[in-house]
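Structure first, commentary second.
Every read-out reported here was derived from the displayed coordinates using simple, explicitly stated rules and does not represent laboratory data. What you see is a predicted model; the values in this text were computed from it and never measured. Counting neighbours? That spans all protein chains shown, and the Cβs are built from the backbone with ideal geometry, glycine included.
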Amino acid sequence: MFDSLSDRLQDIIRKTAGESELTQENMQDALREIRRALLEADVNLRVVKAFISNIKDRAEGESVLTGVNPSQQLVKIVHDELIALLGKELKPLDFSGHPNLIMMLGLQGSGKTTSSAKLAVKLKKEGRNPLLVACDVYRPAAVTQLKTLGEQIGTEVYFEESKDVQGIINNAINYAKENGFNTLILDTAGRLQIDIDMMAELMLIDRIFHPAEKLLVIDSMTGQEAVNVAENFDAQLGVTGLVLTKLDGDSRGGAALSVVYCTQKTIKLTGTGEKLNALEDFYPERMATRILGMGDIVSLVERAQEVFDEKSAKEMEAKMAKAEFSFNDFLKMQSQMKMFGSMDNLLGMIPGLGLSRDDRQKISHEGEKQFKRIEVFIQSMTPEEREHPELMNTSRKRRISEGSGIPLHDVNQFIAQFEQMRKMMKGFSDVKKNMGKMAGKFGQEMGGKLSMHQMMKNMRRFK
Ligand SMILES: Nc1nc2c(ncn2[C@@H]2O[C@H](COP(=O)(O)OP(=O)(O)O)[C@@H](O)[C@H]2O)c(=O)[nH]1
Ligand SMILES: [Mg+2]
């Protein structure tokens, strides 16, 4: 399920990952391909349009994030929008009814009877005592099917010979009360298509018994028609949640995505196999990660978002513009980089970098050693010196060198480089734009492409 969509999206993202910058043009290309991939996966056109336009808005509106490159940021946006598409967070089943009624709805063959039995297994595990009720009275085979399943899972099935569904449910409720069952699962009759008689019967049950849960069972293998079916059921009955079955099947999955979006209902359960324990809770986030298959990049961007919050970026930006960037700011920048976690881990998160574990450890070890030295060096300054780098002169440098045990030559090197950096910052004509560029470059450095290496090379003499 979702395999081909997943492959396509990953290909598209991989292509954009080669670009150092996301421009209008390559963004357009990426969006066009994402659009095509979704349509090929049988996602409803309405949904595709909304999805693409949301990604576009966000990509345009979002400021460039420090610490990651733009294509990584695009991955995160697509990931977030997939989650939004897959619905809100998991909502548990409502057991507030007296009696507790869970009504299973859906077309014939969607998986109502199987899911009813699976749900009984799940509820039992959670300590409830469910009773299965055979409400599909028009096909004798349907009652037999439920009875067989009931025997397999050791759960009682309430059934009658009569065709009076209302009477059966009434009797089942009484039977449950007398026999200590606290939840009734109503396996209703479906039709091959939406049918007035079927709807009328379901609406009647709804009106008389007010089930707290009306779960619409959708076969994820069905195509576009699923959207119509779901909208129809919802309009008439006010569906409380979706059960998406046959997620284990080899389908394109677009219909499933579309139904969630079009009905705005949460998927409460998923069927993932024919076995009777194959019923799972649904987590939009996990599913999005599975579809996109880029959990690593997503968490990288999330960390960058946490660490480099916009506020401190703005502060830094203002200081740079006024050439007030001090040794203290430098330290702050370093500690922010440290908050990313060990550099070794960070380098390992970048797919396709091709660094061996040894390489990564070497680079990160060197880098961390350098940072440490710079820290010691800055800490040997007076508070005033730290805030005002322009105070540096020969005698101060000599004093710091002696205090920190770092050779004067290295001290001179570092200060020269620091001054250069400061000038460069000041030199930015359009600060904001360049912040973005720097952020991209910095991101690459963090990713090791231009790399820590480069940065370290610049400071190489400072040993
Ligand atoms: N692979 C797979 N098959 C399922 C799943 N759920 C239901 N089925 C199969 O789908 C067919 C129809 O299911 P059934 O419960 O009888 O549908 P109903 O007509 O809505 O009651 C049966 O052959 C089930 O075994 C699932 O999650 N995975
Ligand atoms: Mg059935």
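Some notes on this structure:
- Distance in nm between pseudo-label sites at GLU25 and THR144 (7 Å out along the Cβ direction from Cα): 6.8
- Percentage of interatomic Cα-Cα distances in region 100-282 larger than 25 Å: 27
- Of the peptides 181-189, 125-133, 49-57, the ranking by mean beta-carbon count within 10 Å, highest at the top, reads 181-189, 125-133, 49-57.
- Placing pseudo-labels 7 Å out from each Cα toward the beta carbon at GLN108 and ASP164 gives an inter-label distance of 2.6 nm.
- Its Cα centre serving as origin, region 100-282 has a Cβ charge dipole (Lys and Arg +1, Asp and Glu -1) of approximately 360 debye.
- Cut-off 14 Å between beta-carbons: net charge of the residues surrounding GLU161, Lys and Arg +1, Asp and Glu -1: 0
- Divided by 2.2 N^0.38 Å, where N counts the residues, the Cα radius of gyration of region 171-249 comes to 1.24.
- A straight chain from GLU390 to ARG14 at 0.36 nm per residue would run longer than the Cα-Cα distance by 130.8 nm.
- Remark: the GLN224-ARG398 segment gains 55.0 nm on full extension, using 0.36 nm per residue and subtracting the alpha carbon distance.
- Order of MET421, MET199 - criterion: other Cβ atoms within 10 Å of each residue's Cβ, fewest first: MET421, MET199
- Using 0.36 nm per residue and subtracting the Cα-Cα separation, the extra length available between ALA235 and HIS409 on full extension is 54.8 nm.
- Using C-alpha pairs below 8 Å separated by at least 6 residues, the relative contact order for region 135-272 is 19 percent.
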